[in-house]
Structure formats: C-alpha cells, structure tokens
Amino acid sequence: MSMQSEVVSLVNISGQKWPPRQRAYFGSLVIQSPEPGQAYAVTPVRACTSVMDLGDKRSMEIRLSAREIADDLVREINGDSGEGSFHGVFVATGPEPTAVELAEARKKLEEFQLRLVEAADLEWERSHNMMFITDLERRAARELRVEKPWLYDRKPMADCPACGEKIKPGVAVCRSCRAILDREKAAEFGLVEREEKGGEEAGKSSERTPEKGKRK
Ligand SMILES: [Zn+2]
C-alpha cells in the first residue's frame, strides 16, 4: 500500500456541524467545520484495520485504506437529504484542496441549496405554513443569503371574515375573494375609489326615491 493512501484529507466547506461519525474500526471522528472567515476545514482520515468476525472464534483482519474510509464518510454525510444531496464534504486528492476542487464543491453545494429554497418556496406558496419548512431549507436560504417570508416567525395569520381564507395581518384586500378589509388603506393604494362627498348625496337621493312615493 502506498504511503499516499495512509492519510487523506476530508474537506468541509459548509458551516454545518455534524455529530461525530462512529465506526467500529476507528471509534469516533469529528468532521471539522471552517471557522468564520475560513473557506474550508480539513479532517485527516487514516487507514485502519477492521477485524471481521467470521464466527467459530475465527476472525479476519481487513485493511481499509484512508480513501475507502473517507469515501464512506462522504457518502454518509452528503447522501441523507434526497436526490443530488450535497452538504459540502468531499475528499481532496492532495493534503489540501485545490482551487478547482473548492470551486466545484461550492457550485455543487449552491445548486443543492437553490433546489432546497425552490422546494420551500413551493411549499410556502401551497400551505403558508412554517411547520412545513425544514431546518435544512432554512439553513440553505441563510447560507445563500436570500430573504424569504418563510425564514422568520411572523404574526399569526387571520381569517378573512368574508371567505375564511388565511390572510396576512394588516392587509387592505383579501387576496382570495378581493373583499375590502381596510377601506382607508385600500383607497390609499388605489385599490378602491375614495369615498367622495358626492357619494353621500347620491345616497340621500336614493333614499328620497321611496319618499317621493309617500308624498303622492
Ligand atoms: Zn376573503
């Protein structure tokens, strides 16, 4: 076995922290996360010897290369969030990641995060319910530095008195049934015509109509 495969560098470009990885052959391993201001963190992974129990008190030693162990860890960390899942951990070809390796990882992470944000947008559009937005989706939006209504806890939604749909607090018009909920505010934004003085007279004249009949 060549010396190069005895230690490989597991690179992490994400600020995310994972619980230590447990393996019978090395015990516990903490994947390092970059400190603020750092682009990445390196966790060295060493080759190990695993003892395989064959039964009948027989066992076999299996040599696992550092690369095999690192690949296994990368699969475990990156692969738990559906298709194209990537959390920013990869195995570098050298002791330190190259600029190309880092750029590729950043692109892959960003693509995955954009997909998470899109999924959250769709969910929000459908349900307007924070409960359905996952921590993973929130983290993706924060890391991409995009502002989303589903990122924050908002005032609870109210029910429209006309149609019963959920409405944001303080809106002038219900987006479902177009009922005017705040006439003054609606007029301010040109959504309804302002009540004019002439309107009052028009009201009076319509009231007069039945009076005419009485006079006769
Ligand atoms: Zn309504």
Q: Please name all residue pairs, on different chains or six or more residues apart, with Cβ atoms under 6 Å, provided the first residue is in region 175-187 and is free of Cβ contacts under 8 Å to residues at least 24 places away in the same chain and outside any loop (DSSP other than H, G, I, E, B) and the second residue is more than 15 Å from the ligand (Cβ to nearest atom) and open to solvent by 100 Å² or more (accessible area, probe 1.4 Å).
A: Ala187/Arg194
Q | Residue list for region 172-190, filter: away from the ligand (no atom under 14 Å from the Cβ) and open to solvent by 50 Å² or more (accessible area, probe 1.4 Å) | A | Arg183, Glu184, Lys185, Glu188, Phe189, Gly190
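Let's see how each residue does on (1) part of a helix (DSSP H, G or I); (2) among the aromatic types (Phe, Trp, Tyr); (3) away from the ligand (no atom under 16 Å from the Cβ):
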| residue | (1), (2), (3) |
| --- | --- |
| Pro95 | no, no, yes |
| Lys107 | yes, no, yes |
| Glu110 | yes, no, yes |
| Gln113 | yes, no, yes |
| Val117 | yes, no, yes |
| Pro169 | no, no, no |
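Can you tell me how many residues in region 122-171 are under 30 Å from Gly37 (Cα atoms), free of Cβ contacts under 8 Å to residues at least 40 places away in the same chain and either touching an Asp or Glu at 6+ places or on another chain (Cβ under 8 Å) or surrounded by 10 or more Cβ atoms within 10 Å (Cβ to Cβ) (or both)? Break it down stepwise before answering.
So in region 122-171, the residues under 30 Å from Gly37 (Cα atoms) come out as 133-153.
Filter once more, so that each one left must be free of Cβ contacts under 8 Å to residues at least 40 places away in the same chain: 133-135, 137-138, 140-142, 144-153.
Of the ones still in play, those that are also either touching an Asp or Glu at 6+ places or on another chain (Cβ under 8 Å) or surrounded by 10 or more Cβ atoms within 10 Å (Cβ to Cβ) (or both) are 133-134, 137-138, 140-142, 144, 146, 148-151.
Result for region 122-171: 13.
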**Q.** Subset of region 11-53 (residues that are charged (D, E, K, R) and either at pLDDT 90 or above or assigned to a strand (DSSP E or B) (or both))
**A.** Arg21, Arg23, Glu35, Arg46, Asp53
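Can you say whether Ala24 is aliphatic (A, V, I, L, M), farther than 24 Å from Leu114 by Cβ and open to solvent by 90 Å² or more (accessible area, probe 1.4 Å), as far as the supplied structure shows?
Working: aliphatic (A, V, I, L, M): yes; farther than 24 Å from Leu114 by Cβ: yes; open to solvent by 90 Å² or more (accessible area, probe 1.4 Å): yes.
It is true that Ala24 is aliphatic (A, V, I, L, M), farther than 24 Å from Leu114 by Cβ and open to solvent by 90 Å² or more (accessible area, probe 1.4 Å).
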**Q.** Selection within region 61-83 - assigned to a loop (DSSP other than H, G, I, E, B) and more than 21 Å from the chain's Cα centre (by Cα)
**A.** Ser65
Q: Write out, first by first residue and then by second, each pair whose Cβ atoms fall under 9 Å of each other, whose residues are 6+ apart or on separate chains, and whose first residue, in region 22-49, is within 15 Å of Ser9 (Cβ to Cβ) while the second is in a strand (DSSP E or B) and of a type in the set (D, E, K, R).
A: Leu29/Arg21; Leu29/Arg23; Val30/Arg21; Ile31/Arg21; Ala47/Arg63
Q: Return the total of residues in region 87-114 being surrounded by fewer than 20 Cβ atoms within 10 Å (Cβ to Cβ) and not basic (Lys, Arg).
A: 16
Q. Looking at region 65-82, is at least one residue closer than 30 Å to Val171 by Cβ and surrounded by 18 or more Cβ atoms within 10 Å (Cβ to Cβ)?
A. no
(Q) Name the residue that is nearest to the chain's Cα centre (by Cα), counting only residues in region 19-58 that are over 22 Å from Pro95 (Cβ atoms) and of a type in the set (A, V, I, L, M, F, W, C). (A) Ala24
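The values are calculated or read from the model by the stated rules, or taken from the named source; none is laboratory data. Owing to the predicted nature of the structure, the values given are computational and were not obtained by experimental measurement. Ideal geometry is used to build each Cβ from the backbone, glycine not excepted, and the neighbour counts take in all protein chains shown. Accessible surface is based on the protein model in full, side chains and every heavy atom, while ligands, DNA and RNA are left aside. Shrake-Rupley method; radii C 1.70, N 1.55, O 1.52, S 1.80 Å.
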